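The values are calculated or read from the model by the stated rules, or taken from the named source; none is laboratory data. What you are looking at is a predicted structure, and each value in this text was computed from that prediction instead of being measured. Methodologically, a virtual Cβ is constructed for each residue, glycine included, from the backbone with ideal geometry; neighbour enumeration extends over all protein chains shown. Ligands, DNA and RNA are stripped out before the accessible areas are found, and what is left, the full protein with its side chains, is counted by its heavy atoms. Shrake-Rupley method; radii C 1.70, N 1.55, O 1.52, S 1.80 Å.
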Amino acid sequence: MYDIAKIRLDFPALDREVNGRPLVYLDNTATSQTPRCVVDAVTAGYYHTKANVHRGVHTLSVEATELLEATRRSVKDFINAPSAEEIIFTRGTTEALNLVASSFGGMVLGEGDELILTEMEHHSNIVPWQLLQQRKGFIIKVVPVTSDGSLDLDALRRLISPRTRLISVCHASNVLGTVNPIAEITALAHSHGIPVVVDGAQAVPHLTIDVQALGADFYAFSAHKMYGPTGVGVLYGRRDLLEKMPPYQGGGEMIESVSWAKTTFAALPYKFEAGTPDFVGIAAFARAIDYMRSLGIENIAAHEHELLYYTTARMMEIPGMRIFGTAPGKCAIISFLVGHIHHYDMGMLLDQLGVAVRTGHHCAQPLMHALGVEGVVRASFAAYNTIDECDRFLAALHRVIPMLE
Ligand code: PMP
């Protein structure tokens, strides 16, 4: 039984008012709210087990280290990685993708080589590659998106050449909601000997992830989008690749020995974890994973899809409504515009009515360009949203549209 009333009690934020009205939080793609169990774990970490990890022999440090390593094992199980050493903690998806671009990309991409990205990527899966491109001079090719927001797989097939060294693609689009067929893409890429990096930021909150079944060589995601703490993310990487890669950042923890003559690096995963990690946040992240498991990821997805279909059908009845992204099996994200109403004005007025949606380019300016718009309004759903909230969002839309037309 998916007890939505009980679930909502776990999220104090959902109880608050905005502009004198009960909050309807539909900005879950940007970040989801945090349940008490995760906040309690952060509090407990600061109150009782705040000692730096990995360095200490004293009890607090041993406990803090064990909490961090327990999360690593938990993440490994959650995404079905072969081993915990292939789980690297980062600050988020952005840092994870920068790590892969800088370290792995720096190794495999040279002058005249080709990297394939897609038109629906978030800036965090574009700009790190462009920074590397400035140093290495390779070519970036881009897979277009079809009219329903799916990836054009025929175009991808045509873009692959003997110079293609790497493909980096999102699992789910933060604008269109499209869920890309990663297993199909990795099978195609691997048949040409090309590794695949997957930006999983928008997939992990909604789908059961099995990195082995997906065939992902790298998989990046952020805790804060999956009911977890801010400042924590994960890079999964295949051991044989991680072992060949140079460190990303230098500092404490990532070394085996340091001398002026020669410095050697620690084994996986520590080679990629320089400095003090957000060990309190990482420990609390395990509670977010437990929380998602307790609800059941399939149950969360089924619930969100009900909200998605219900809301989409009613939005389509509104004259002038344009919804961007209608691919089958999409995640519960609705990006839209109505007539000539500016996305920003729409977002401001909805906020006056207590409805939180996001407006703008959503860190996907190349996609906005392809869609021929400057920005869109985006409503996105999570495990705790209700049909009643969808109705309040729809009623707010009906109220603000005549004011802006
Ligand atoms: N990729 C996608 C698809 C995203 O939606 C986001 C967050 N909006 C990111 C990457 C970046 O995640 P973070 O800001 O947590 O690093």
message: Here's a check for you: in segment 103-129, which residue that is assigned to a helix (DSSP H, G or I) and either within 15 Å of the ligand (Cβ to nearest atom) or modelled with pLDDT under 95 (or both) is nearest to PRO162 (Cα to Cα)?
response: TRP129
Enumeration of residues in segment 358-371 that are of a type in the set (S, T, N, Q) and crowded, with 23+ Cβ neighbours inside 10 Å: none
query: Only one of these conditions is not met by ALA81: (1) closer than 21 Å to MET226 by Cα; (2) part of a loop (DSSP other than H, G, I, E, B); (3) within 16 Å of the ligand (Cβ to nearest atom). Which number is it?
result: (3)
field: Extreme residue, farthest from the ligand (Cβ to nearest atom), among residues of segment 227-246 that are aliphatic (A, V, I, L, M) and in contact with a helix residue (DSSP H, G or I) (Cβ under 6 Å, 6 or more places away or on another chain)
entry: MET245
statement: Here the qualifying pairs (Cβ atoms under 7 Å; residues six or more apart or on different chains; first in segment 311-332 and in contact (Cβ under 8 Å) with a residue 24 or more places away in the chain and part of a loop (DSSP other than H, G, I, E, B); second open to solvent by 30 Å² or more (accessible area, probe 1.4 Å) and acidic (Asp, Glu)) come out as THR326/ASP148; ALA327/ASP148
field: Pair list, Cβ < 6 Å and 6+ apart or interchain, from segment 25-49 residues that are closer than 20 Å to ARG293 by Cβ to residues that are open to solvent by 50 Å² or more (accessible area, probe 1.4 Å) and in a helix (DSSP H, G or I)
entry: CYS37/ARG287; VAL38/ARG287; ALA41/ARG287
statement: A careful count of residues in segment 32-60 that are open to solvent by less than 30 Å² (accessible area, probe 1.4 Å), of a type in the set (Ser, Thr, Tyr) and away from the ligand (no atom under 16 Å from the Cβ) gives 1
query: Any residue at all in segment 43-55 that is among the basic types (Lys, Arg), within 18 Å of GLU273 (Cβ to Cβ) and at pLDDT below 95?
result: yes
task: Using the structure shown, decide if LEU337 is at negative phi and open to solvent by less than 10 Å² (accessible area, probe 1.4 Å).
output: no
message: Looking only at segment 48-76, filter to residues that are outside any loop (DSSP other than H, G, I, E, B) and touching an Asp or Glu at 6+ places or on another chain (Cβ under 9 Å); which one of those is farthest from PHE218 (Cα to Cα)?
response: HIS48
message: within 16 Å of the ligand (Cβ to nearest atom), touching a residue at least 12 places away in the same chain (Cβ under 8 Å) and in a strand (DSSP E or B): is that true of VAL169 in this structure?
response: yes
query: So LYS330 fits all but one of (1) over 27 Å from GLY231 (Cβ atoms); (2) in contact with a helix residue (DSSP H, G or I) (Cβ under 8 Å, 6 or more places away or on another chain); (3) away from the ligand (no atom under 16 Å from the Cβ); what number is the exception?
result: (3)
message: touching an Asp or Glu at 6+ places or on another chain (Cβ under 9 Å) and open to solvent by 20 Å² or more (accessible area, probe 1.4 Å): which single residue out of ILE79, ILE88, ILE140 fits that description?
response: ILE140
message: The conditions are (1) in a helix (DSSP H, G or I); (2) open to solvent by less than 50 Å² (accessible area, probe 1.4 Å); (3) among the polar types (S, T, N, Q), and THR29 fails exactly one of them. Which is it?
response: (1)
Segment 278-308, residues that are surrounded by 20 or more Cβ atoms within 10 Å (Cβ to Cβ) and either free of Cβ contacts under 8 Å to residues at least 24 places away in the same chain or assigned to a loop (DSSP other than H, G, I, E, B) (or both): ASP278
Matching residues in segment 372-397 - criterion: being open to solvent by 50 Å² or more (accessible area, probe 1.4 Å) and either over 22 Å from THR178 (Cα atoms) or not in a loop (DSSP other than H, G, I, E, B) (or both): ILE387, ASP388, ASP391, ARG392, ALA395
Within segment 180-210, considering residues that are surrounded by fewer than 23 Cβ atoms within 10 Å (Cβ to Cβ) and in a helix (DSSP H, G or I), the one farthest from the ligand (Cβ to nearest atom): SER191
- request: Those residues that are farther than 22 Å from PRO205 by Cα, open to solvent by 10 Å² or more (accessible area, probe 1.4 Å) and either small (Gly, Ala, Ser) or in a helix (DSSP H, G or I) (or both), I need them from segment 348-357; list them, please.
  value: MET348, LEU349, ASP351, GLN352
field: Scope segment 211-225; condition touching a Pro at 6+ places or on another chain (Cβ under 7 Å) and buried (at least 22 other Cβ atoms within 10 Å of the Cβ); matching residues
entry: ASP217, ALA223, LYS225
